Amino acid sequence: MPEVRDGSRDGIRSAPDGVALPTPSPLPRHLLPDNHEMSHGRLSIGGCDLLDLAEAHGTPLFVYDEEHLRSRCRSAVAAFGPGVAYAAKAFLCIAMARLAHSEGMCLDVSTGGEMHVALAAGVPGDRLVLHGNNKSMSELRRAVEAGVGRIVVDSFDELDRLDALHVETGARPRVLLRFTPGVEAHTHTYLVTGVDDSKFGFTVSTGAAATAMERARASNSVEVVGVHSHIGSQVFDASSFAKAAAVIAEAAEPFGVDEISIGGGLGVPYVAGESAPTIAEWGEAVREACRAAGVTASVTAEPGRAIAAAAAVTLYTVGTIKAIEGVRTYVAVDGGMSDNPRPVLYGSGYETFLPRSVDALRDRVVTVVGKHCESGDMLVRDAMVPSDIAVGDILATPVTGAYGHSMGSNYNKVRRPEVVFVAGGAARRVVRRETYSDLLACDLPDA
């Protein structure tokens, strides 16, 4: 997209190709972590200056506001009770697992690897909920050995595996059956999970959910304690959750289950103009729907993005600025799709800012790209930045605490970034930056 020209009218500025652009403005503060402060234009989070953090730890760098994380965990427990589970897929490391557990949350883990990290963090097995649409026998066996509190059963094949595991070990794990409610959440196609055409769960409308429940309740291999559902991710309308809760409540009613989980998926604002329900508002909408449906079972949930996303910013160093006359300006940074694949996967939008001058007018449109060998390696296609952005600047993207680090890769053999938690003016490394030697750790040199 071309450079912005003067002559704004009615909040729209003209570009040579006629594309409407947003009005120049500073970064919306509500997109920053809770505990941010300004001093002479520079931004601090958790009492730590971001430019100082970049100098001390290098870039790219994930910076998490620890108290923000704790606050959201407490909100989740208050909204849904002690059975609420943090969806570890959003962001997981040993420190994050310990933090969520210390604030009274269970952990939702969806693979053997996530389960391994949670157990390594000291989270008791009975505070884990194991998910996955294709759990292997070894994952189920490990879950039983660890005393996992709930296994969310996703298919008839999984029921077969649990039957075999019972014959092998005599174990009778407590399970939730995942029901697919046929509710279409208004979100990206790849993030929808509650419609009938889904790889997840037992479909309510076809009768598969009822058949699965009858089989599981008659089995000696499992103890059925409830049902689970999930309609999708990055959902902004609380009524979608209320609708799903009503469908699931009706489907579960004949079986008199003790627990109903409505899963996760609560959206968060990523760019100017977006808003979303709070965790408390989400919880109230779900509880009201369940009350209206006459539900007496305990109702819980699995927030992930709503806990972690807005708690973090990612810091990059600008390495190259390439202006193409009449076309666009590219600003290349030292990260990219390897630390945040969401823009490539979903076309997700982000804001950008310079921590050295957070309140500066962002009056220049650029495209922020990474260093990977892909033309699609774009972090922000139409990024608003101050006009004086320069090579060597630290550039930041907010709301990167979920599905950045966890979905990252070593593409082009880029080393994964460092992660720091900040609080009370101190920064602690919770994930170190990978070394070049780490990139060879799994290679067999004599192969």
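Bear in mind these aren't lab numbers, they're just calculated from the coordinates by the rules spelled out. Nothing here was measured: the structure is a model prediction, and the numbers come from that model. Methodologically, a virtual Cβ is constructed for each residue, glycine included, from the backbone with ideal geometry; neighbour enumeration extends over all protein chains shown.
Worth pointing out:
- Note on region 66-305: antiparallel DSSP beta bridges, both residues inside, total approximately 5 percent of the bridges counted.
- Principal axis dimensions, region 66-305 - Cα atoms, whole angstrom, descending: 55, 40, 32
- Contact order normalised by residue count of region 66-305, Cα under 8 Å, 6+ apart, percent: 19 percent
- Close Lys pairs in the chain (alpha-carbon distance under 23 Å; sequence gap of 8 or more, or different chains): 7.
- Sequence-separation-based contact order of the chain, relative, with Cα cut under 8 Å and 6+ spacing, percent: 20 percent
- One chain, two ends: Thr169 and Asp196. Fully extended at 0.36 nm per residue, the span grows by 6.3 nm beyond their Cα-Cα distance.
- On the basis of the beta-carbon distance and an R0 of 41 Å, Ser239 and Glu37 show a calculated FRET efficiency of 0.70.
- Rg ratio (alpha-carbon, reference 2.2 N^0.38 Å) - region 380-447: 1.51
- Take 426-437, 144-155 and order them by the average number of nearby Cβ atoms within 10 Å per residue, most first; the result is 144-155, 426-437.
- D (Stokes-Einstein, µm²/s), Kirkwood Cα radius, the chain, 1.002 mPa s at 20 °C: 92 µm²/s
- Estimated purely from DSSP H runs of n ≥ 4, each contributing -39500 (n - 2.57), the mean residue ellipticity at 222 nm for the chain is -7500 deg cm²/dmol once divided by its residues.
- Protection proxy ranking of 278-291, 316-329, 91-104, by the mean of other Cβ atoms within 10 Å over each peptide's residues and highest first, is 91-104, 278-291, 316-329.
- Protection proxy ranking for 126-137, 231-242, 205-216, using the average of other Cβ atoms within 10 Å per residue and placing the highest first: 231-242, 126-137, 205-216.
- Percent of beta bridges antiparallel (DSSP, the chain, rounded to nearest 5): 50 percent
- Averaging over all projection directions, the Cα-based convex hull of region 162-313 occupies 10.3 nm² in the image plane.
- Region 303-415 shape via C-alpha gyration tensor axes, a/c threshold 1.5: oblate
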